[in-house]
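The values are calculated or read from the model by the stated rules, or taken from the named source; none is laboratory data. As the structure is a prediction and not an experimental result, all values here were calculated from the model. Neighbour counts are summed over all protein chains in view; Cβ atoms, including those assigned to glycine, are modelled from backbone coordinates with ideal geometry. Please note that ligands, DNA and RNA were not included when accessible areas were found on the heavy atoms of the full protein model with its side chains. Shrake-Rupley method; radii C 1.70, N 1.55, O 1.52, S 1.80 Å.
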Amino acid sequence: NKKAGSFRFCYERELQLEKDLAGRLVMQFVIGLQGQVKSVKIASSELKNAKVGDCIKKEIGKIQFKAPDVGECVVQYPFKFSAN
């Protein structure tokens, strides 16, 4: 996925400031009838850094998905970040 690099950049930028930054982040977003992202929020986070989640939120908001077959689609997507 070409967006994976953007998500990793969100994490690695903050990792430069917090060397032990690691954990799971779950994003929830709604894909509209035309495949556009209608809303994005952080469903849960083990990261003690809001900037990573905010950055990923912006990146998800830019994605154009294939239109769902039936109605809007609610997605929960987990990210696991570690320095290694």
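Contact map, the stretch 70-84: first residue among the charged types (D, E, K, R), second residue part of a strand (DSSP E or B) and surrounded by 14 or more Cβ atoms within 10 Å (Cβ to Cβ), Cβ cut-off under 9 Å, separation 6 or more or different chains; pairs are E72/V30; E72/I31; E72/K38; K80/G23; K80/L25.
Look at the stretch 13-34: where a residue is at pLDDT below 95 and a partner is assigned to a loop (DSSP other than H, G, I, E, B) and buried (at least 17 other Cβ atoms within 10 Å of the Cβ), sitting 6+ places away or on another chain with Cβ atoms under 8 Å, you get E18/N49. Apart from one condition, I60 fits all of (1) among the β-branched types (V, I, T); (2) open to solvent by less than 60 Å² (accessible area, probe 1.4 Å); (3) part of a loop (DSSP other than H, G, I, E, B); the exception is (3).
For G53, state whether it is at positive phi and either of a type outside the set (S, T, Y) or touching a Ser or Thr at 6+ places or on another chain (Cβ under 7 Å) (or both). Judged against the criteria, G53 is not a match. Annotation: of all residues in the stretch 1-37 being under 14 Å from the mean Cα position of the chain (by Cα) and among the basic types (K, R), the one that is surrounded by the fewest Cβ atoms within 10 Å (Cβ to Cβ) is K2.
Each residue in the stretch 18-27 was checked for being under 18 Å from N84 (Cβ atoms) and either of a type in the set (A, V, I, L, M) or touching a helix residue (DSSP H, G or I) at 6+ places or on another chain (Cβ under 8 Å) (or both), and 3 pass.
Among D69, D54, which is modelled with pLDDT of 95 or more and among the acidic types (D, E)? Among D69, D54, only D54 is modelled with pLDDT of 95 or more and among the acidic types (D, E).
For F65, the stated conditions hold: it is in contact with a Gly (Cβ under 7 Å, 6 or more places away or on another chain), surrounded by 14 or more Cβ atoms within 10 Å (Cβ to Cβ) and not basic (K, R).
Okay, residues lined up against (1) hydrophobic (A, V, I, L, M, F, W, C); (2) touching a strand residue (DSSP E or B) at 6+ places or on another chain (Cβ under 7 Å); (3) part of a loop (DSSP other than H, G, I, E, B); (4) within 20 Å of G5 (Cβ to Cβ):
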{"residue": "D20", "(1), (2), (3), (4)": "no, no, yes, no"}
{"residue": "K38", "(1), (2), (3), (4)": "no, yes, no, no"}
{"residue": "I56", "(1), (2), (3), (4)": "yes, yes, no, yes"}
{"residue": "P68", "(1), (2), (3), (4)": "no, yes, yes, no"}
{"residue": "A83", "(1), (2), (3), (4)": "yes, no, yes, yes"}
